[in-house]
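Before any comments, here is the structure.
What follows draws every value from the coordinates through simple rules; no lab data is involved. Worth saying up front: this structure is predicted, and the values here are computed from it rather than measured. Neighbour counts run over all protein chains shown; Cβ positions are idealised from the backbone, glycine included.
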Amino acid sequence: MEERILIVDDQYGIRILLTEVLQKEGYKTLQASNGFEAIDIAKERTPDLVLLDMKIPGMDGIEILKRLKELDDTVKVIIMTAYGELDMIQEAKDLGALTHFAKPFDIDEIRQAVKKYIPVNTN
């Protein structure tokens with residue numbers, strides 16, 4: 001079974017970049033451009049990991065994280081932010097986020113973090 005990663009970012013280019021990189025590693029990816037899409041996808045597809053941008057119009061990353069955890073409190077979440085907002089990062093970690101990356105991020109660091117938290121199933 002392929003591990004599913006939900007990529008939540010309002011920037012199309014970021015979603016495509018992460019999708020290409022993670023699919024090459026053997027993961028199945030799902031994409032959402034806003035919080036409402038992310039919640040709908042999470043309800044239907046139960047992702048193993050969520051890469052969540054914290055600054056999304058309409059519903060911010062903290063609210064999305066809270067709702068994802070309400071759906072499945074075991075879901076693994078890595079947050080991404082373009083801002084050095086330490087309060088938001090700390091609040092997200094208090095809500096269960098595993099780690100964070102500041103944009104622009106090093107794609108290899110994200111790849112390694114994903115592998116750490118959900119190793120590719122090679123069976």
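Within region 69-91, which residues are in a helix (DSSP H, G or I), of a type outside the set (Asp, Glu) and over 24 Å from GLY13 (Cα atoms)? Of everything in region 69-91, those that are in a helix (DSSP H, G or I), of a type outside the set (Asp, Glu) and over 24 Å from GLY13 (Cα atoms) turn out to be LYS69, LEU71, LEU86, GLN90. Taking the conditions (1) free of Cβ contacts under 8 Å to residues at least 40 places away in the same chain; (2) within 21 Å of ASP108 (Cβ to Cβ); (3) not hydroxyl-bearing (Ser, Thr, Tyr) in turn, LEU30 satisfies each one other than (2). Residues that are closer than 16 Å to ASP10 by Cα and crowded, with 21+ Cβ neighbours inside 10 Å within region 31-55 comprise ALA32, GLY35, ALA38, VAL50, LEU51, LEU52, ASP53, MET54, listed in sequence order. Just for region 1-41: of the residues that are more than 15 Å from ILE79 (Cβ to Cβ) and among the aliphatic types (A, V, I, L, M), which one is nearest to the chain's Cα centre (by Cα)? Here the residue is LEU30.
Within region 24-68, which residues are in a loop (DSSP other than H, G, I, E, B) and either over 19 Å from GLU2 (Cβ atoms) or in contact with a Lys or Arg (Cβ under 6 Å, 6 or more places away or on another chain) (or both)?
From region 24-68, those in a loop (DSSP other than H, G, I, E, B) are 25-27, 33-34, 46-48, 54-60; that's our starting set.
Within region 24-68, SER33, ASN34, PRO47, ASP48, MET54, LYS55, ILE56, PRO57, GLY58, MET59, ASP60 meet the criteria.
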